[in-house]
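The values are calculated or read from the model by the stated rules, or taken from the named source; none is laboratory data. It should be emphasised that the depicted structure is a prediction, and the values quoted were computed from it without experimental measurement. Here Cβ is always computed from backbone atoms with ideal geometry, including for glycine, and neighbour counts include all displayed protein chains. Heavy atoms of the whole protein, side chains included, go into the accessibility calculation; ligands, DNA and RNA do not. Shrake-Rupley method; radii C 1.70, N 1.55, O 1.52, S 1.80 Å.
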Amino acid sequence: MPNIQSLTYFIPELILMAAVVVMVLVDVFFTGRDRSRAIWLVSLVTLAVAGIALAMTPEPGDAIFYGALAVDPYSRFFKGLFLLATAIIIIISPYTRQLDNTPRNEYYLFLMVVMFGLFLMASALDLIIVYLSIEIVSIGSFILAGFLKNDRLSSESSLKYVIYGALSSGIMLYGLSLLFGLAGSTNIFDVQAALSTLPEKAHLTLIVALLLILAGFGYKISMAPFHFWTPDVYQGAPTTITAFLSVAPKAAGFALALRFLGIAFGASPDLNLGVWQPVDGLAFGTLIAVFSGLTMTVGNLIAIQQSSVKRMLAYSSIAHAGTMLMAATILNAQAFSAIMFYLAVYLFMNLGAFLVAIFVHNHYGYDEIDDWTGLGFRAPLVAIPMGIFLFSLTGLPPTAGFIGKVYIFSVLVEADKFWWLAILGVLNSVVSLYYYMRVIKVMFLDVEPKFSIADLCASPEQLEPQVIARALAEHSSGVRVLSRPEHLAEADSITAASCTGVFANLLPLNEHVIADGPTRYDGGGRAVLALSDVCLLIVQPVVPCVRNAVRILASLRDDGFNLDRVKLVLNRVGRGAGHLSVSDVTSTLGIPALVCLPDDWETASGAINLGEPLATHSPKSKVRLGIQEIAKHLHGADSETDDKGASKPGLIGRIFAGA
């Protein structure tokens with residue numbers, strides 16, 4: 001179909017591209033929070049309008065743009081999956097704390113760009129479109145994976161993603177060039193016609209081309225041995241992007257691979273045949289079966305060893321790719337239907353698991369599986385859905401995951417081929433049961449460990465920061481004195497002996513819960529503040545620190561935190577040039593200063609100072625100084641003497657007196 005006429009059937013893609021232009025204009029003409037809200041709203045409206053256009057666009061009966069793109073029920077199905085997955089991600093993105101300090105405007109824009117590439121992948125009928133669509137999705141995904149620019153893991157994951165993506169892209173492009181050399185055309189129907197009459201002496205070149213092309217497709221669907229980028233990218237990327245990458249680009253990879261391989265390497269261009277046959281001399285089914293078995297086994301065996309929820313789900317997604325590849329060994333109509341059904345089910349169960357992981361990270365700051373201990377009792381409305389999603393991912397009845405796996409296995413059984421692969425698939429399902437049920441066991445059957453202060457003080461071994469935080473929370477007679485989450489994260493270890501005095505000072509306390517203001521208001525900081533009766537906001541009276549405090553107060557207010565519980569402490573007042581006056585700071589923040597600390601309090605207060613990184617203190621001493629100082633003041637060790645020699649309350653005592 002000519003280009004002008006083809007535009008009538010290209011409306012959903014045009015809507016996505018128009019939305020990108022609108023987002024750029026909104027970014028120029030709007031400012032502040034209005035800009036982020038406007039772009040978020042534009043992205044949601046775009047998906048809704050694109051979905052309506054997709055449903056209303058008629059089928060042309062022929063490929064559009066001179067045979068480059070297909071508009072058929074197959075592409076519509078996958079485009080609907082992409083729209084649904086992206087809509088879910090966009091809806092939940094404002095609620096994830098990982099993106100709090102990032103410009104979300106570009107975040108939504110690149111999601112639209114990736115969506116455009118996904119639409120092209122689902123419709124591609126030309127070798128050039130195949131390559132370009134994969135590149136559009138890949139480049140946008142590279143940027144989104146490294147969106148947390150100040151996070152080392154995010155930057156590292158993006159770099160690895162780029163390296164693996166560039167390598168696999170180059171390998172696939174070489175395979176496509178070999179295929180073009182054999183066929184003399186870039187249209188996959190012309191390629192099929194040429195390969196069906198290919199002389200035997202060219203079969204080796206055809207096999208090499210197939211292997212190189214599979215490297216590119218395998219990279220997109222996380223097929224072993226092209227899966228190495230997956231766990232690192234899934235762990236380092238923002239969790240919303242991890243959820244997106246685990247579903248939408250993977251589904252697009254299968255959509256493109258099944259159509260391309262089924263047509264180009266088939267003996268007939270008709271995919272509705274009862275039994276699909278590859279071109280003569282090509283052991284296509286055996287090759288895919290080997291990749292399928294390898295992918296399932298590698299994904300499941302390595303997932304067993306993971307301690308991170310995101311990495312476990314990453315290797316799980318690799319195993320699920322292997323499961324879907326089982327049906328790809330028999331490329332008939334039933335195999336297509338089985339894979340499409342499994343992808344639809346996989347979208348809901350995998351996205352659901354990641355949504356729970358996002359919620360837990362936002363509210364509790366937990367990323368490790370062991371941190372989820374007792375979650376079923378603390379947050380049953382979160383843990384129960386997670387259990388259902390994990391049961392479905394395992395493939396246990398009566399979940400949709402079970403029906404999807406039965407459908408996949410039935411393809412091999414009815415074709416009476418590759419029985420060894422079906423048996424291997426069953427064994428891998430048993431293996432997956434172990435690591436999925438491990439999470440359920442931790443949530444519902446394990447009890448949070450209780451730490452004895454006497455045991456900790458008597459033990460000379462080093463303790464993880466999480467152990468110290470938990471011991472402080474559980475063994476201080478109802479008082480939780482928590483240092484900033486990033487300090488605990490930076491501290492490699494702290495000896496039990498160094499905390500003996502801290503525990504002793506905490507024993508008699510039973511009234512208040514305290515946390516100092518986190519410099520990064522992320523999930524960990526939010527979890528600390530949710531436990532707090534009083535938040536000590538300790539600010540140095542200089543412009544950058546006050547600006548940071550304003551941002552934190554705005555985030556607290558948006559989360560419904562009662563700002564009356566925030567107690568402002570000004571540190572190092574009058575210390576040097578450039579310091580703001582007390583009245584300037586309090587009027588800016590809207591909170592009166594209860595205490596102003598002179599510069600002689602520098603050493604003790606430094607560990608809980610909001611305004612500076614404290615390069616002079618090691619991470620270990622930061623945590624120790626912060627906890628010890630607060631504990632000392634709470635315990636009354638900060639009592640002072642007035643002019644007449646009488647004892648009076650110290651710093652923290654005065655703060656609580658004003659509470």
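Before moving on, here are some points about what is shown:
- Remark: pairs (first residue in the stretch 372-394, on the phi > 0 side of the Ramachandran plot; second residue aliphatic (A, V, I, L, M); Cβ separation under 8 Å; 6+ apart in sequence or on different chains) = GLY374/MET443; GLY374/VAL447.
- Taking the criterion of being open to solvent by 10 Å² or more (accessible area, probe 1.4 Å) and under 19 Å from VAL430 (Cβ atoms), the residues of the stretch 393-406 that qualify are GLY395, LEU396, PRO397, PRO398, THR399, PHE402, ILE403, LYS405, VAL406.
- Of residues in the stretch 148-160 being within 14 Å of TYR234 (Cβ to Cβ) and among the hydrophobic types (A, V, I, L, M, F, W, C), the one surrounded by the most Cβ atoms within 10 Å (Cβ to Cβ): LEU148
- If the condition is being more than 20 Å from the chain's Cα centre (by Cα) and of a type in the set (S, T, N, Q), then the stretch 106-155 contributes SER123, SER133.
- Residue pairs whose Cβ atoms lie under 8 Å apart, sitting 6 or more positions apart in sequence or on different chains, and linking a residue in the stretch 321-340 that is closer than 15 Å to GLY253 by Cα to a partner that is open to solvent by 20 Å² or more (accessible area, probe 1.4 Å) and in a loop (DSSP other than H, G, I, E, B), are PHE336/LEU271.
- Helices (runs of 4 or more DSSP H) contained in the stretch 276-385 and holding at least 1 residues within 24 Å of VAL426 (Cα to Cα) and not β-branched (Val, Ile, Thr): 284-303, 309-328, 333-364
- For the residues PHE29, PHE77, the requirement of being among the aromatic types (Phe, Trp, Tyr) and either in contact with a strand residue (DSSP E or B) (Cβ under 8 Å, 6 or more places away or on another chain) or at pLDDT 90 or above (or both) singles out PHE77.
- Only one entry in LEU111, LEU69, LEU16, LEU47 is closer than 27 Å to ILE188 by Cβ, in contact with a Leu (Cβ under 8 Å, 6 or more places away or on another chain) and not charged (D, E, K, R), namely LEU69.
- Exactly one residue out of ILE163, ILE136, ILE171 is surrounded by fewer than 20 Cβ atoms within 10 Å (Cβ to Cβ), at pLDDT 90 or above and over 21 Å from LEU211 (Cβ atoms), and it is ILE136.
- Qualifying residues in the stretch 221-241 (those that are more than 21 Å from ALA353 (Cα to Cα) and open to solvent by 10 Å² or more (accessible area, probe 1.4 Å)) - the one farthest from the chain's Cα centre (by Cα): PRO225
- Residue in the stretch 314-332 that is under 16 Å from the mean Cα position of the chain (by Cα) and at positive phi present: no
- Sub-7 Å Cβ pairs linking a first residue in the stretch 60-87 that is touching a residue at least 60 places away in the same chain (Cβ under 8 Å) to a second residue that is part of a helix (DSSP H, G or I) and open to solvent by 30 Å² or more (accessible area, probe 1.4 Å), at least 6 apart or interchain, are ILE64/TYR9; PHE65/ASN3; ALA68/ILE129; LEU69/ILE129; VAL71/TYR9; PHE77/MET340, ordered by first then second residue.
- Annotation note: Cβ proximity below 9 Å between a residue of the stretch 406-417 that is without any contact (Cβ under 8 Å) to a residue 24 or more places away in the chain and a residue that is open to solvent by less than 80 Å² (accessible area, probe 1.4 Å) and part of a helix (DSSP H, G or I) (sequence gap 6+ or interchain) occurs for VAL413/ALA422.
- Subset of the stretch 300-324 [open to solvent by less than 10 Å² (accessible area, probe 1.4 Å) and not small (Gly, Ala, Ser)]: ASN300, VAL309, MET312, LEU313, ILE318, HIS320, MET324
- Residue that is nearest to THR242 (Cα to Cα), among those in the stretch 89-121 that are open to solvent by 30 Å² or more (accessible area, probe 1.4 Å) and polar (S, T, N, Q): GLN98
Table: residues versus (1) modelled with pLDDT under 50; (2) more than 29 Å from ILE302 (Cβ to Cβ); (3) loosely packed, with under 13 Cβ neighbours inside 10 Å; (4) in contact with a Phe, Trp or Tyr (Cβ under 9 Å, 6 or more places away or on another chain).
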| position | (1), (2), (3), (4) |
| --- | --- |
| ILE408 | no, no, no, yes |
| VAL439 | no, no, no, yes |
| MET443 | no, no, no, yes |
| VAL447 | no, no, yes, yes |
| CYS457 | yes, yes, no, yes |
| GLU464 | yes, no, no, no |
| ALA473 | yes, yes, no, no |
| VAL479 | yes, yes, no, no |
| GLU486 | yes, yes, no, no |
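- Residue check, LEU14 closer than 24 Å to LEU120 by Cα, open to solvent by 70 Å² or more (accessible area, probe 1.4 Å) and under 31 Å from the mean Cα position of the chain (by Cα): yes
- From the options LEU153, LEU173, residue that is over 30 Å from ARG311 (Cβ atoms) and touching a helix residue (DSSP H, G or I) at 6+ places or on another chain (Cβ under 8 Å): LEU173
Condition check ((1) among the small types (Gly, Ala, Ser); (2) within 29 Å of LEU355 (Cα to Cα); (3) within 24 Å of the chain's Cα centre (by Cα)) across all residues:
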{"site": "VAL45", "(1), (2), (3)": "no, yes, yes"}
{"site": "GLY61", "(1), (2), (3)": "yes, no, no"}
{"site": "PHE65", "(1), (2), (3)": "no, no, no"}
{"site": "ALA68", "(1), (2), (3)": "yes, no, no"}
{"site": "LEU83", "(1), (2), (3)": "no, yes, yes"}
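- Flag if ALA19 is touching a Ser or Thr at 6+ places or on another chain (Cβ under 9 Å), among the hydrophobic types (A, V, I, L, M, F, W, C) and open to solvent by less than 50 Å² (accessible area, probe 1.4 Å): yes
- Pick from the stretch 161-192, criterion touching a residue at least 40 places away in the same chain (Cβ under 8 Å) and more than 37 Å from the chain's Cα centre (by Cα), ranking: farthest from ILE143 (Cα to Cα): GLN192
- Restricting PHE377, PHE359 to residues that are modelled with pLDDT under 90 and over 22 Å from the mean Cα position of the chain (by Cα) narrows the list to PHE377.
- Qualifying residue in the stretch 360-377 (condition: touching a His at 6+ places or on another chain (Cβ under 9 Å) and not charged (D, E, K, R)): no
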